[in-house]
Amino acid sequence: MAESSARDWRPTLQRRTAVALSVLFVWVVGIEVRLVYLQVVRYSDLAARAERQQSRTIEAPAKRGDIIDRQGRVLAYSVDAETIYAVPGEVENPDRTAAAVCGALEDCDAKDREAIAKSITARKGKYFAYVRRQVWPDQAKRVAALQLDGIGFMKESRRTYPNRDLASHLLGYVGIDNVGLSGLEATYDSFIRGRAGTVLVQTDAHRRAFSRVERPPTSGAAIELTIDEYLQHVAERELREGVQYSGASGGSAVIMDPYTGEILALANAPDFNPNAYRDAREDARRNRAIQDLYEPGSTFKIVTAGAAFEENVVSPNTIIDASTGNIRFGARVIYDDHNYGVLTFEDAIVKSSNVGAIKVALRLGPEKIGDYVKRFGFGRPSSPDFRGENPGIVWDATKLTDSALASVAMGYQVGVTPLQMAAAVSAVANGGELVQPRAVRAVIRDRKRVAVPRKVLDRAITPRTAATLTEIMEAVVERGTGTRAQVPGYTVAGKTGTAKKLVNGSYRGHSDYNVSFVGFVPSRKPVFAIVVVVDSPHRVSPYGGVVAAPIFQRIASAALRQQGVPQTIGGSPLVVERRNDVDAQQTSGPVSSPVVTMGSAGSSVFPDLTGMSARDALRVMAKMGLAVRLLGAGVVSEQTPAAGTPIDAAVTAVLKLERRTPEAGAPSARFPARWGGEADEERLARP
Amino acid sequence: MTAETFEYAIKKDVRNNPIVREVDRERHRDMWRSALVGGFLVVVLLFSAWQHFELLRHGYRLEQMQRERAAEEEINRHLRLEIETLRSPSRIERLATGRLRMVAPQPDEAEVIERVIPVPAPPRSVVARR
């Protein structure tokens, strides 16, 4: 009995083992089947899902290229900014969140607060709503510190203009999505914008990144402008003051290098801040220098005179009878300001006689006038750098009646832009070549600079005619209508213009004028061609010689001083002339100065120049006819050869200059006593 | 308890002390070989795991450093922007004429002794990194 019961457990164990093994087998098979299902049947789907969860592809936005002036100073720049967004479903109280965000931003008014709350509420069922785009890092930090539910941040690139309204019309502005909307930002958008890159980031379960594969973004090309930041500032400052003083509604000023066509400054008033272009009025955003047409008035007599000289119709001394003081075309009578009597053609231009210019134009005929109008570049866009440039209005010469021809001769019935006028006057200044105006000097991509070449569009007049016109324009400034454009120490050539505006198709019934001055300086070796146009001055006599010429004068004075252009009348001769070549620009440290021009010989030994200013030392050496090389800046601290060494004409003296700290009690060199020097020095030292 | 159900359990005295298991050297070698192989596999496994975690750790570190570099670069750009803003000619002029009461020199107070004639760079040139 006991034996049998002892043997009974074996089949039981066998049964149970079989059951357990069966269960295990089923379990293993089940698992295997599931694994096969997951890893074979649903492989692609699940792999894709895992990829989505473990890795993120982030777009790396490309920064727009910088825009710099001709000296390398930054005019437009891009930096990272934070964009604040909301996940509307996670925001419990949109009003409270909007108020909190607004409070932290600190530049948010009630209207903005409402807009934010409305944006979050309207997208309640969605996952994304913009709260504020492209805020500064400190603003983002303040908002982040609030730790608001449903508020997130992402990086975007923001375009900034560090000089605010400087050259705003020329630079233009970009939209919120970094696309150029106006000015050079729009014209050169494809160059500046660059190409976005991608970053593939692998993350762990906590969404922390531990690996990345990058296709870096390609930065946009940098654009080097022909503009000089300081000249631009001067042009804007003087134009703004002139417009305010004369009670005008606006104005434009263009400074051009007459030989290269480089636009050194292009100013408009009113201007705007491109960092906040949406706040600016449409009127302020308009680039008047390239978009606004105006009838140039008497400044256009340069074209009439140029054509007449070219075609040998008159010479400067040809006698013109303007004694009637008017000229009649049917019912239309055109008057001069005064009765000038009988005068030479030169005087007709100098005194801006309409009758004189018209009589010469009638001798020329409409075809020839029309030909020269085109040769001077009117009636077509002058530069490819400006999108939306107004080509101007020029009538078909064959359809011009005598009356219309008379209008064209004195600058009416033609529509020109200040930029076209600058190109035309540059043609006179450079000896007759119409050079294409340009605002872009070079495009720099991957450290390679590709310069934009000078382009001659046409030969407007011969050098001989240009020289004759220059003489007449000098007379305009010396004794004619443009005396207020005189720059002491320099010869100036110019022409005034005053044209009644055409308002609602009529010249009558209002007192709006376009007044202008065009000219170049120094007249015999021009460095700057300058055009100033003022729209509707009301506070002063509306004449080009009264309103625009003084603006020209102030711009030219400051520009000549800043560029170090030596005086052409009565000034001391230039002591040093330096070629600012590429090697010198790229070398750091003191730049060696060039050799001084030879003068007359004097003493037999080198003088002691120690302690002298560079200017005084150069004067002494120049008088002795010795060559000098300067190193550094300040006063002379060392000289080679030493003082007392016998002079050898073949030796170039080297003067080492150093800045000297003024001794206590010594008069301030920077602030002469007549400017209240010492008091100002104290003020300077105060934090 | 009846006599039929009573059961005696007589334990046989087994004396196996003198019996000694014979050392199987072959098996010993096998065992050590297996242990070594197993240990080697474990070491390989541990090394592989260490490598994997080191890679991860460096990945995190690299990522962190790249973020820091990007942040530093951005701070640099913001500082440059600030410098350019401070160098604005209108701001400097405002400070000079307003706070420092400076004035522009008159023509007779300024004398040009040196003129820099800019020479254009060659049409195609390489620009030094700014």
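Readers should treat all values here as calculations from the given coordinates under stated rules, not as data from a laboratory. What you see is a predicted model; the values in this text were computed from it and never measured. Note that we place each Cβ from the backbone using ideal geometry, even for glycine, and neighbour counts take in every protein chain shown.
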In the neighborhood of A:Ala145, defined by Cβ-to-Cβ distances under 15 Å, what is the net charge if each Lys or Arg adds +1 and each Asp or Glu adds -1? -2
For segment A:313-469 the translational diffusion coefficient, Stokes-Einstein from a Kirkwood Rh over Cα pairs at 25 °C and viscosity 0.890 mPa s, in µm²/s, is roughly 141 µm²/s
Neighbour-count ranking [beta-carbon atoms within 10 angstrom, fewest first] of A:Cys102, A:Cys108: A:Cys108, A:Cys102
Using a Förster radius of 56 Å, what is the FRET efficiency between A:Asp95 and A:His538 based on their Cβ-Cβ separation? Nearest 0.05, please. 0.65
Using +1 at the C-beta of Lys and Arg and -1 at the C-beta of Asp and Glu, which of A:Asn273, A:Leu148, A:Ala442 has the Cα lying farthest in the positive direction of the dipole of the protein assembly as shown? A:Leu148
What is the diffusion coefficient of segment A:229-563 in µm²/s, taking the Kirkwood radius over Cα pairs and the Stokes-Einstein relation at 10 °C with a viscosity of 1.306 mPa s? 81 µm²/s
When a/c reaches 1.5 or more, the comparison of a/b and b/c decides; with that in mind, is segment B:25-102 rounded, prolate or oblate per its Cα gyration tensor? prolate
How big, on average over all directions, is the shadow cast by the Cα convex hull of the protein assembly as shown, in nm²? 70.1 nm²
Relative counts (whole %) of C-alpha pair distances in segment A:49-114, using bins that are 10 Å wide: 14, 24, 24, 27, 10, 1
Chain A: calculated mean residue ellipticity at 222 nm from DSSP helix runs of at least 4, using -39500 (n - 2.57): -10000 deg cm²/dmol
Tilt, helix A:110-122 to longest principal axis of chain A (alpha-carbon atoms), in degrees rounded to tens, equals 40 degrees
Could you give me the percent of Cα pairs per 5 Å distance bin for segment A:316-397, shortest bin first, beginning at zero and ending with the bin that holds the maximum distance? 3, 13, 19, 16, 16, 14, 9, 6, 3, 1
Which order do A:Thr97, A:Thr160 fall in if you start with the one that has the fewest other Cβ atoms within 10 Å? A:Thr160, A:Thr97
Toy charge model, Lys and Arg Cβ at +1, Asp and Glu Cβ at -1: chain A dipole around Cα centroid in debye, rounded to 20, equals 1700 debye
Limiting things to C-alpha atoms, what are the Rg and the maximum Cα-Cα separation (Dmax) for segment A:181-326, in angstroms? 26.0, 97
A correct fewest-to-most ranking of B:Leu36, A:Leu400 by other Cβ atoms within 10 Å would be B:Leu36, A:Leu400
Which shape class applies to segment A:59-225: rounded if a/c is under 1.5, otherwise prolate when a/b exceeds b/c and oblate if not, where a ≥ b ≥ c are the square roots of the Cα gyration tensor eigenvalues? oblate
Rounded to the nearest 10, the angle in degrees between the Cα long axis of helix A:614-623 and the longest principal axis of the Cα atoms of chain A comes to 40 degrees
